[in-house]
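Here the structure is laid out as structure tokens; the discussion comes afterwards.
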Amino acid sequence: MPRALIVIDLQIDFCPGGALAVQGGDEIVAPVNALMDGVDAVILTQDWHPADHASFADTHPGAAPFSQVQMPYGPQVLWPAHCVIGSKGAAFHPGLATDRADLILRKGFRRGIDSYSAFFENDRTTPTGLAGYLRERGIDQLTLAGLALDFCVGWSAMDAARLGFQVQVIQDACRAIDTGGSLQAAQDGMRRAGVHLA
Ligand code: VGL
Ligand code: ZN
């Protein structure tokens, strides 16, 4: 029963001082590194957006950060510009043990579509390829941690459970953005999908 640790978006822009800072984001670096012991594979995801990405409030004249718009694929929260390709803020937190990663998966690199989940973009149909990678390696159990619990971790966990993986989320090794009830919604959704919230 091989197990992978998937560390979601533990990047400078999601940590205090970053462009889309998650409160306490830097506090999870040590617990995340510790989780790398005792798994068969370590996978890191990296939010990776072009400078004019459709999920950025700046891309929509007059729109405020954290407001919602309708995209061709459904509702989308507009964020402050973050994790721009090649920028310092898109780099991993310097304390993260990136040398231990087997795979670094980038997501959100298409201008017109956001990708919270490590498995599908926000149209919910375009795959990232991660499920195939895990299956080819015979990995059926997943431990998830990272940022943010109510967006990229939550969406990844729900997708993974629906795809048939056994999924646990280590909440102590996550932090949340918590905008507009998003944390409660994500926790409810994860439980309904059969994710184990540890
Ligand atoms: C994330 C909002 C926008 C995340 C990424 O990593 O949770 N949230 N992009
Ligand atoms: Zn993003």
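Some points to look at:
- Within the stretch 142-169, tally of residues that are under 18 Å from residue 34 (Cβ atoms), more than 12 Å from ligand 1 (Cβ to nearest atom) and either among the β-branched types (Val, Ile, Thr) or in a helix (DSSP H, G or I) (or both): 2
- Residue 18 vs. criteria in contact (Cβ under 8 Å) with a residue 12 or more places away in the chain and touching a Pro at 6+ places or on another chain (Cβ under 8 Å): no
- Residue tally, condition closer than 14 Å to residue 151 by Cβ, within 11 Å of ligand 1 (Cβ to nearest atom) and not aromatic (Phe, Trp, Tyr), over the stretch 69-87: 6
- Among the residues of the stretch 26-55, the ones that are under 20 Å from residue 122 (Cα atoms), of a type in the set (A, V, I, L, M) and surrounded by 14 or more Cβ atoms within 10 Å (Cβ to Cβ) come to 2 in all.
- Test: residue in the stretch 184-191 that is out of contact with any His (no Cβ under 6 Å at 6 or more places or on another chain), crowded, with 22+ Cβ neighbours inside 10 Å and assigned to a helix (DSSP H, G or I): yes
- Flag if residue 66 is within 13 Å of ligand 1 (Cβ to nearest atom) and at pLDDT below 95: yes
- In the set (1) surrounded by fewer than 16 Cβ atoms within 10 Å (Cβ to Cβ); (2) farther than 18 Å from residue 9 by Cα; (3) in contact with a helix residue (DSSP H, G or I) (Cβ under 8 Å, 6 or more places away or on another chain), residue 198 fails one condition alone, (3).
- Restricting the search to strands (runs of 3 or more DSSP E) fully inside the stretch 14-107 and requiring at least 3 residues that are out of contact with any Ser or Thr (no Cβ under 9 Å at 6 or more places or on another chain) gives 41-47, 68-71.
- Qualifying residue in the stretch 56-78 (condition: within 13 Å of ligand 2 (Cβ to nearest atom), of a type in the set (S, T, N, Q) and surrounded by fewer than 20 Cβ atoms within 10 Å (Cβ to Cβ)): yes
The values are calculated or read from the model by the stated rules, or taken from the named source; none is laboratory data. Here the structure is a predicted model, which means the values were calculated and not measured. Positions of Cβ are generated from backbone atoms using ideal geometry, with glycine treated the same way; all protein chains shown enter the neighbour counts.
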